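Below is one structure, written out as structure tokens; the observations come after it.
The values are calculated or read from the model by the stated rules, or taken from the named source; none is laboratory data. Values in this document were obtained by computation on a predicted structure and should not be read as measured data. Here the Cβ positions follow ideal geometry from the backbone for every residue, glycine too, while neighbour counts run over all protein chains shown.
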Amino acid sequence: MPIQWFPGHMHSTKKAITERLPEIDVVIELLDARLPGSSANPLLAELTQGKPALKVLNKQDLADPELTALWLAHYQAQPGTQALGLDASMTAPARQLIAACRALAPLRGGMVKPLRVLICGIPNVGKSTLINTLVGQRATKTGDEPGITKTEQKLVLASDFYLYDTPGMLWPRIIVEQSGYHLAASGGIGRNAYDEEEVALELLARVRQRYADRLQARYKLADISALADDAVLADIGRRRGGLRAGGQVNLQKAGEIAINDFRSGAWGGITLESPAEYLQWLAAGQARDAERQAKRDARNRKPTPQRDIDAAARAAKAQAPESAESPEAPEPPND
Ligand code: G4P
């Protein structure tokens, strides 16, 4: 079943971003390098259209370097956009990000025109880790100055470099089915919104296409190419102690093991989607979405049933002033 996830607080976040945007020079969007397309936020792209953008592929230590290179090239080719891969806990690369922002807004800088940067990202993508790394000893946090809401943070990373961190999160409708599974597998979606066995099966189906050898090595499995996904999951459960009393495999437990191993990098650097794959899914998802919308519109255009017309006429008549003549007014009683 496709995953949907609406964590709430969307309205206030959208409002906070929209209010801050006019004075922002560069927008940093933090993405998960293992699923850059799925962890991007189309709503943010809509809100920040035309602003110079820095796409940060975080957790690159957990991703496949070849695919990270493809994604970086994909973003670099977009107008007004820079991209870089990062492991948010490492200080020096995090400082590269400041240089990249300066390159995106060369006319800003200096005390008179400080560079103002907004940082956004879906939950669990590593925003707090990156901010902590960037802040280090050097920056000051200023949460209560005029124009800064209580929950919004303004971090002064250099005397002419301000980083704004808006609270809450923006979450778009997931229109790419695969994205729901990739987000769940990576930890970007709340635990209650998905079923571990289902997500693990989708994850294995995806991972074995490029990295079957890693799964075989990790769980000491023989050639898995002829096995169905649930048979692979069952084998993982058997190998890793995911068994019920009586020796039956607990697929839920096996699913948890597989997902945790993926998240911790135990399968090596894995990326779940290439730019070409993601764009294809996106096009298909958008076409399905447009079709659903067209059906909804058509339903809303259906002619009003006669009984509703009659009811509306009766209601109008009941409200009409007494003096109003109506050809349909009932005859007064005859007695
Ligand atoms: P958020 O603010 O965007 O919600 O994310 P946060 O920084 O809390 O990071 C979410 C998890 O991702 C944390 O792990 C964090 O350590 C990890 N993380 C962040 N950046 C990187 C990175 O570049 N590489 C790797 N490998 N991990 C990263 P956690 O398990 O939830 O917490 P903890 O055990 O690290 O404390």
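Scanning segment 81-99 for residues that are small (G, A, S), modelled with pLDDT under 95 and either crowded, with 19+ Cβ neighbours inside 10 Å or farther than 24 Å from A266 by Cα (or both) yields A88, A92, A94, A99. Any residue at all in segment 205-215 that is buried (at least 18 other Cβ atoms within 10 Å of the Cβ) and charged (D, E, K, R)? Checked segment 205-215: at least one residue is buried (at least 18 other Cβ atoms within 10 Å of the Cβ) and charged (D, E, K, R). So which residues in segment 12-32 are under 24 Å from L107 (Cα atoms) and not in a strand (DSSP E or B)? Those that are under 24 Å from L107 (Cα atoms) and not in a strand (DSSP E or B): I17, T18, E19, R20, L21, P22, E23, I24, D25. The C-beta contact set for segment 173-202 (first residue within 25 Å of R292 (Cα to Cα), second residue charged (D, E, K, R) and not in a helix (DSSP H, G or I), distance under 7 angstrom, 6+ apart or interchain) comprises H182/E273.
Taken over segment 227-265, residues that are under 32 Å from the mean Cα position of the chain (by Cα), of a type in the set (V, I, T) and more than 16 Å from the ligand (Cβ to nearest atom) amount to 3.
Taken over segment 110-153, the criterion of being modelled with pLDDT of 90 or more and more than 21 Å from A83 (Cα to Cα) is satisfied by K113, P114. Given (1) touching a Lys or Arg at 6+ places or on another chain (Cβ under 6 Å); (2) part of a helix (DSSP H, G or I); (3) closer than 19 Å to G37 by Cβ, identify the lone condition not met by T271. The one condition T271 does not meet is (2). Annotation: of all residues in segment 45-74 being surrounded by fewer than 23 Cβ atoms within 10 Å (Cβ to Cβ) and under 14 Å from the mean Cα position of the chain (by Cα), the one that is nearest to the ligand (Cβ to nearest atom) is A45. When each of L97, L134, L118 is tested for being within 16 Å of the ligand (Cβ to nearest atom), in contact with a Lys or Arg (Cβ under 8 Å, 6 or more places away or on another chain) and part of a helix (DSSP H, G or I), the lone residue that passes is L134.
Regarding L35, is this residue under 29 Å from L203 (Cβ atoms) and in a loop (DSSP other than H, G, I, E, B)? Yes; evaluated as a whole, the condition is true for this residue.
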